[in-house]
Every structure is written in C-alpha cells, then in structure tokens.
1. Can you give the helix-only mean residue ellipticity at 222 nm for the chain, where every DSSP H stretch with n ≥ 4 adds -39500 (n - 2.57) and the sum goes over all residues, rounded to the nearest 500 deg cm²/dmol?
2. Can you tell me the 0 to 90 degree angle between the C-alpha axis of helix 52-65 and the longest principal axis of the chain, rounded to 10?
3. In a Gaussian network model over the chain where Cα atoms closer than 10 Å are linked, find which of 68, 59, 20 has the largest mean-square fluctuation.
4. So what's Rg/Rh here for the chain, counting alpha carbon atoms and using the Kirkwood radius for Rh?
5. With each pseudo-label sitting 7 Å past Cα toward Cβ, what's the residue 92-residue 71 distance in nm, one decimal?
6. Given the options 98, 51, 18, which has the most mean-square fluctuation in a GNM of the chain, springs set between C-alpha atoms less than 10 angstrom apart?
7. Angle, helix 100-124 long axis vs. longest principal axis of the chain, Cα atoms, 0 to 90°, nearest 10?
8. With springs only between Cα atoms under 10 Å, which of 14, 94, 29 fluctuates most in a Gaussian network model of the chain?
C-alpha cells in the first residue's frame with residue numbers, strides 16, 4: 001500500500017504542477033518574484049515547466065498502474081524530486097533566500113524523495 005501511495009502522490013505532484021503551469025504559470029511564479037512578459041516567455045514556461053512535469057507525471061502514472069514497473073517509477077520519483085530538492089536547497093543557501101513558498105516546496109520534495117527511497121527498500125525486502 002505504501003508503494004502505491006508514494007507513487008500516486010509523486011504522480012499527482014508532477015501532473016498537478018504541470019497542468020497548473022500550463023494554465024496559470026504567472027500566478028504560480030509570482031510568489032517567488034518571477035514575472036512572465038510576452039507570448040514567447042509564456043510559451044517557454046508552459047512548454048518546459050508544464051510539458052516536462054506532465055510528461056514525468058504520466059510516466060509515473062504508467063509505472064503506478066503496472067506493478068512490474070513500481071521499482072522504476074520509484075527510482076524516477078526519487079531522482080526527479082531528489083534532484084529538485086538538492087538544487088533548490090543549494091540555491092537557497094547560495095542566494096541566502098527562503099520564504100514560505102520555497103520552504104514548503106523543499107519540504108514536499110524532500111518528503112517525496114525519502115518516501116520513494118523507503119518504498120524502494122520495502123520492494124527489495126519482498
């Protein structure tokens with residue numbers, strides 16, 4: 001159950017954020033001081049942040065729906081969320097910044113990384 005729950009939450013996180021970046025990117029980026037100006041900028045943000053996250057979310061959904069791919073889905077989740085958490089933390093330290101948005105995002109990314117690693121261990125124990 002923990003394995004499926006972890007994959008489901010990781011999937012929802014990526015799909016949810018990706019779809020939100022497709023629909024309302026300016027509103028999502030405003031809390032960190034990013035302003036998007038012009039159609040080309042909106043297109044790039046939607047394509048990369050929306051499209052990439054939707055694609056990764058769909059890959060996790062594919063793994064969630066096929067028990068034989070749970071391990072690969074958990075590996076992808078740990079890598080995606082882990083790399084984002086590590087680079088976010090490093091950048092926060094380098095820039096000397098924080099704020100509610102950044103700390104909440106870092107917390108969620110860290111929790112999903114650890115949960116994915118723990119779920120992988122439980123799969124190995126089977």
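1. Per the formula, -26000 deg cm²/dmol.
2. Roughly 20 degrees between the two axes.
3. With Cα springs under 10 Å in the chain, the top fluctuation among 68, 59, 20 is at 68.
4. 1.02
5. 3.3 nm
6. Looking only at 98, 51, 18, the largest GNM fluctuation is found for 98.
7. The angle comes out at about 20 degrees.
8. Looking only at 14, 94, 29, the largest GNM fluctuation is found for 94.
Bear in mind that the values in this text are calculations on the coordinates, not laboratory data. In this text, all values refer to a predicted model and were calculated from it rather than measured experimentally. Using ideal geometry, Cβ is built from the backbone for each residue, glycine included, and neighbour counts are taken over all protein chains shown.
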